[in-house]
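Working notes for the structure below.
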Amino acid sequence: MPQFRIALGGETFSFDSLATVMARATPSRSGDHLAGIAATSDVERVAAQYVLADLPLKTFLAQPLIPYEADEVTRLICDTHDVAAFAPVAHMTVGQFRDWLLLDSTDGAALAALSPGLTPEMVAAVSKLMRNRDLIAVARKVQVISAFRSTLGLSGRIGSRLQPNHPADDLQGIVASTLDGLSYAVGDAVIGVNPATDNIPTAKTLLQVLDDLRQRFDIPTQTCVLTHVTNSLDLIEQGAPVDLVFQSVAGTEAANDGFGVTLAMLQEAQDAALSLQRGTVGQNAMYFETGQGAALSANAHHGVDQQTLEARAYGVARAFDPLLVNTVVGFIGPEYLFDGKEIIRAGLEDHFCGKLLGLPMGCDVCYTNHTQADQDDMDVLMTLLADARAHFLIAVPGADDVMLNYQSLSFHDIAYLRHSLGLRAAPEFETWLGNMGLTGPTGHLAEQGAQKLLEGAR
Amino acid sequence: MTTDPWARLRWATPARIGLGRSGAGQPTDRMLKFQWDHARARDAVHTSLAVDQLAAKLAPHPVIVAASGAGDRATYLRRPDLGRVLGAWPADVAPGDYDLAFVIADGLSATAVQAHAAAVFHACAARMPGLSLAPVTIATQARVAIGDDIATRLGARLVVVLIGERPGLTVSDSLGAYLTFAPRLGRRDSERNCVSNIHGQGGLSIVAAADRIAWLAHQALRLGLTGTGLKENSPALLDG
């Protein structure tokens with residue numbers, strides 16, 4: 001006997017579980033089709049959205065999509081749910097919640113207070129009833145501030161990760177790309193390298209080089225080598241200059257197992273990073289990356305749609321007070337997000353869900369060459385995310401990551417967002433840029449900025 | 001004409017550093033260069049394999065033509081599961097008893113396969129005089145694991161899949177080779193050995209690739225395994 005049904009237009013639609021309602025109500029994307037859980041027609045999708053709109057938010061507390069006993073992420077979500085914070089919306093259905101979120105009177109303070117009372121499943125559910133403009137309108141009301149050596153998330157500002165990857169981890173090559181990025185005023189969120197190998201001595205050398213560069217120019221930012229959490233623990237033990245501990249996380253215990261990570265390991269890593277006390281204006285020491293499709297690609301999705309699982313990954317992230325959370329939205333390939341339309345939608349959903357859960361949510365606006373997308377799609381998504389007040393965006397030289405072989409934003413694009421939309425860098429970094437002569441009095445890039453930096457690097 | 005302040009650093013990385021800017025945008029020539037590179041990568045993904053041309057280049061070795069369960073490129077990109085299994089397989093092929101089967105799969109770059117696969121095959125075959133080779137299978141809309149299905153039907157102890165790799169902006173014709181001992185459905189990636197980046201723009205040369213593939217094939221047949229148990233950097237390989 002189906003649990004959920006609705007009659008519409010002379011037809012009856014039934015759904016056998018809450019997870020099915022969620023999956024069928026999700027805007028179309030290739031990953032849910034690959035998993036065999038997507039709506040089979042447009043009308044079935046809207047029927048599921050009608051069903052979802054009428055469900056009480058409390059349903060998600062009573063019926064976990066993945067069993068409490070079977071999954072430590074579910075246990076984390078249930079055990080840390082703040083009933084008092086949830087009270088203002090406890091009586092609402094998902095549809096009423098959407099209406100409430102869109103009200104002018106529902107301001108940033110109300111959303112911040114509500115955040116601990118929301119579960120990832122509630123946030124994912126309401127996002128499925130929202131159009132792109134709704135996702136932007138609500139997300140931009142939420143202010144999330146995080147800090148280490150720079151303060152991120154302040155009003156009127158957008159941060160940036162400088163990603164100076166090199167296919168062979170060549171140190172001079174990485175420094176060259178870093179200097180290039182700094183000359184475009186990029187890097188206030190983090191200067192973060194994805195190493196080409198998972199080799200610990202290489203990671204240590206990279207950390208040392210980045211830290212030397214930071215200290216030499218006295219840059220108020222943080223550096224990171226994006227290696228496995230167990231490597232970072234090892235590196236901390238060896239006395240390497242670890243600012244941020246990085247880890248990829250997903251929304252189920254089984255998918256995290258595929259990443260070789262548990263909640264206990266993340267706690268240990270956060271404790272170790274904090275023990276170094278390297279932050280100056282704040283102590284948010286964790287950097288997480290996520291992306292829709294991670295659980296399905298690990299065959300660890302429990303029949304739950306990829307967007308809901310992505311929101312559950314944010315449930316993991318928020319337990320560890322991160323400086324940065326980044327959805328690598330188009331990286332995973334067309335079998336999960338097929339084209340520019342699906343990537344743009346997913347980027348806005350991820351940002352909305354992360355923000356509502358109180359996270360410093362950024363995005364790697366990106367795509368691979370076998371995806372039906374191009375730089376025009378990235379232009380649209382970055383502009384929308386900047387308007388939605390994204391915490392930070394990622395940029396690489398000329399939008400071409402020569403190590404990971406995909407396209408992200410160019411350093412130029414961060415300058416575009418700041419020049420055209422009037423957004424600024426983190427305040428400490430902004431002051432440094434001015435002192436270095438990299439930006440002029442208006443905050444725009446200075447004409448001879450690169451030359452000055454290169455002379456200083458000699 | 002101003003001097004390029006990045007000239008001193010440009011050699012250190014293939015990254016697009018020191019592009020200059022027009023306002024906050026990329027200068028026109030740099031922007032067009034990026035569009036050109038992306039267009040080439042896109043075309044490499046979507047170009048169809050010219051099967052007859054490839055078969056002619058493989059002569060005199062006999063060729064079997066097969067297709068995966070993904071009927072077209074759009075399906076192939078959305079459904080990796082269908083690209084791993086056979087859709088069409090000629091009814092008149094009887095299983096034999098072979099040491100080795102070569103499978104040439106279009107993968108994500110038919111351009112790479114068209115450019116390098118036949119030469120790599122011939123170079124490998126010349127290094128395997130003692131081994132019995134099955135007919136070469138050309139498989140379209142195919143992923144690496146389709147080799148398991150094909151080798152099972154041919155009756156081969158080892159399969160080598162030559163496949164087009166996902167194109168990057170700089171290199172869009174890179175070929176990869178995957179070796180799997182005792183191939184059967186459900187083999188994991190950790191049970192394969194890979195020789196990647198076979199191309200002419202600073203990648204592995206055809207001769208070097210054939211040396212490595214032939215060495216791995218002989219070792220796999222001798223030891224009865226591929227994957228993490230078969231280390232590619234063994235002294236035997238370095239000794240030549």
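Values in this text are rule-based calculations from the coordinates and carry no lab data. Note that the structure is a prediction, hence the values are computed from the model and not measured. Positions of Cβ are backbone-derived with ideal geometry, glycine not excepted, and every protein chain shown enters the neighbour counts.
Results, tabulated for the structure shown:
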read-out	value
Calculated FRET value between residue B:10 and residue A:107, using beta carbons and R₀ = 56 Å, to 0.05	0.65
Cβ crowding within 10 Å averaged over residues, with B:121-132, A:279-290, A:228-239, A:79-90 ranked highest first	A:279-290, A:228-239, B:121-132, A:79-90
Per-residue HN-Hα couplings for region A:312-317 [Karplus 6.51, -1.76, 1.60; θ = phi - 60°; Hz; x = Gly/Pro]	5, 4, 5, x, 5, 4
Cut-off 17 Å (backbone N to label point 7 Å along Cα→Cβ of residue A:444), residues of region A:377-418	A:412-418
Within 10 Å of each Cβ in B:34-47, the average number of Cβ atoms from other chains	3
Sorted largest first, extent of region A:205-356 alpha carbons per principal axis (Å)	46, 30, 28
Karplus-derived HN-Hα couplings along region A:104-113 (A = 6.51, B = -1.76, C = 1.60, θ = phi - 60°), whole Hz, x at Gly and Pro	4, 6, 7, 9, x, 5, 5, 5, 5, 5
B:194, A:78, A:366 arranged by Cβ crowding within 10 Å, fewest neighbours leading	A:78, B:194, A:366
Within 10 Å of each Cβ in A:27-36, the average number of Cβ atoms from other chains	1
Student exercise, region A:1-55 dipole from Lys, Arg, Asp, Glu Cβ charges, in Debye to nearest 20	80 debye
Inter-chain shielding of B:18-28 (mean C-beta neighbours from other protein chains, 10 Å cut-off)	6
Residues whose placed amide H lies under 5 Å from that of residue A:93, excluding near-sequence neighbours	A:57
Residues with amide H under 5 Å from that of residue A:424, placed H, sequence gap 5 or more	A:157, A:158
Listed residue (A:135, A:269, A:202) projecting farthest to the positive dipole end of chain A, Cβ model	A:135
Rounded D (µm²/s) - region A:90-248, Kirkwood Rh over Cα pairs, Stokes-Einstein at 10 °C, 1.306 mPa s	87 µm²/s
Sorted by Cβ density within 10 Å, fewest first, the residues A:11, A:310	A:11, A:310
Long-range HN-HN contacts of residue A:223 with modeled amide H, under 5 Å	A:191, A:243, A:244
Gain upon complete extension [residue A:435, residue A:455; 0.36 nm per residue less C-alpha separation]	5.7 nm
Convex hull of Cα atoms in the protein assembly as shown, direction-averaged projection (nm²)	33.1 nm²
Given charges at Cβ of Lys, Arg, Asp, Glu: the protein assembly as shown dipole, positive-most of B:193, A:162, B:28	B:28
Sites residue A:131 and residue B:35, calculated FRET efficiency, Cβ-Cβ separation with R0 22 Å, nearest 0.05	0.10
Normalised contact order of chain A, rounded percent, pairs of Cα under 8 Å and 6 or more residues apart	19 percent
Percent RCO, i.e. relative contact order, over region B:51-238, from Cα pairs under 8 Å lying at least 6 residues apart	22 percent
Cα pair distances of region B:53-125 binned at 10 Å [whole percent]	16, 44, 36, 4
Distance (nanometres) between label positions extended 7 Å along Cα→Cβ at residue A:8 and residue A:99	1.8 nm
Ordering of B:146-158, A:132-144, B:105-117 by packing [mean C-beta count within 10 Å, highest first]	B:105-117, B:146-158, A:132-144
Residue A:216/residue B:189 FRET efficiency (R0 41 Å; Cβ-Cβ; nearest 0.05)	0.45
For region A:33-108 versus region A:431-450, the gap between their alpha-carbon centres in whole angstrom	46 Å
Structure-based [θ]222 nm, chain B - -39500 (n - 2.57) summed over DSSP H runs of at least 4, per residue, nearest 500	-9500 deg cm²/dmol
Those aspartates and glutamates that a straight Cα-Cα span of less than 20 Å connects to residue B:57, excepting residues fewer than 8 apart in one chain	B:106, B:173
Label zone at residue B:52, where the point sits 7 Å out along the Cα-to-Cβ direction: region B:103-124 residues whose backbone N lies under 13 Å	none
Chain A, dipole about Cα centre (Lys/Arg Cβ +1, Asp/Glu Cβ -1), debye to the nearest 20	980 debye
Most positive-pole-ward Cα, A:391, A:239, A:228, against dipole of chain A from beta carbon charges	A:391
Within chain A, helix-based [θ] at 222 nm, where runs of 4 or more DSSP H residues each add -39,500 (n - 2.57), nearest 500	-13000 deg cm²/dmol
Fully extended contour minus Cα-Cα distance, from residue A:264 to residue A:63, at 0.36 nm per residue	69.8 nm
Dimensions in Å of region A:1-55 - Rg and Dmax from alpha carbons	10.4, 30
Pairs of alpha carbons in region B:51-238 whose separation is greater than 30 Å (percent)	10 percent
Spacing of the two label points (7 Å from each Cα toward its C-beta) at residue A:90 and residue B:61, in nm	7.1 nm
Size of charge dipole - region A:102-147 - debye, nearest 20, with Cβ of Lys, Arg +1 and Asp, Glu -1, no other charges	180 debye
Centroid-to-centroid separation of region A:267-337 and region A:165-196 [C-alpha atoms, Å]	22 Å
